[in-house]
Amino acid sequence: KKLMLLNGPNLNRLGKREPDIYGSKTLLDIEKDVLELVKTYDYDLNAFQSNHEGELIDIIHQADGIYEGIIFNPGAYTHTSIALRDAISSISVPVIEVHLSNVHKREDFRHQSLLAPVCVGQVVGLGAKGYSLAALAFIQEEK
Ligand code: DQA
């Protein structure tokens, strides 16, 4: 069984990017942490990052039928992308939306997610731990 960890624009800058908001871990650190966690449950993890909306859409399409779930931080596309929302709707793999920062205590334009209505749920404001919590939500899902 496999999970996908997918990160959108600017998240390749984690560790250097506004560390007071996003923390000091790099994306590679986070990917390693989540891989280590899921391995203890006999799950595998494939991690991808892209700064390009179309590439994220291609990755989501290709996930169909292959993954048990997608852990997705769409970055700023959260607030703008109808195309990513439609991509999520086009596959049967469930998606959990993750944000490192608490978007609700930030600028108004971060309060709305166009993707949340087509995701299973959201993990918001818990930092890098949020990715692991999303992974556990998929792994420990009641059948
Ligand atoms: C983010 C929140 C977004 O509003 C922002 O554009 C990001 C990161 C987060 O993880 O907190 O790039 O998704």
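Taken over the range 92-111, the criterion of being assigned to a loop (DSSP other than H, G, I, E, B), more than 9 Å from the ligand (Cβ to nearest atom) and over 20 Å from residue 49 (Cα atoms) is satisfied by 92, 111.
Looking at 49, 112, just one residue is modelled with pLDDT of 95 or more and surrounded by fewer than 17 Cβ atoms within 10 Å (Cβ to Cβ), and that residue is 112. Residues of the range 14-30 include none that is over 13 Å from the mean Cα position of the chain (by Cα) and over 20 Å from residue 129 (Cα atoms). Exactly one residue out of 88, 66, 30 is more than 14 Å from the ligand (Cβ to nearest atom) and surrounded by 19 or more Cβ atoms within 10 Å (Cβ to Cβ), and it is 88. The condition (being part of a helix (DSSP H, G or I), touching a helix residue (DSSP H, G or I) at 6+ places or on another chain (Cβ under 9 Å), within 25 Å of residue 90 (Cβ to Cβ) and not β-branched (Val, Ile, Thr)) is satisfied by just one residue among 33, 58: 58.
Does residue 122 satisfy being exposed (fewer than 13 other Cβ atoms within 10 Å of the Cβ), within 16 Å of the ligand (Cβ to nearest atom) and not in a helix (DSSP H, G or I)? For residue 122, the condition - exposed (fewer than 13 other Cβ atoms within 10 Å of the Cβ), within 16 Å of the ligand (Cβ to nearest atom) and not in a helix (DSSP H, G or I) - is not met. Once the range 33-51 is narrowed to residues that are within 16 Å of residue 76 (Cβ to Cβ) and either more than 11 Å from the ligand (Cβ to nearest atom) or among the hydrophobic types (A, V, I, L, M, F, W, C) (or both), the residue that is farthest from the chain's Cα centre (by Cα) is 50.
The values are calculated or read from the model by the stated rules, or taken from the named source; none is laboratory data. None of these values were measured; they are calculated from a predicted model. Cβ sites come from the backbone with ideal geometry, for glycine too, and all protein chains shown count toward neighbours.
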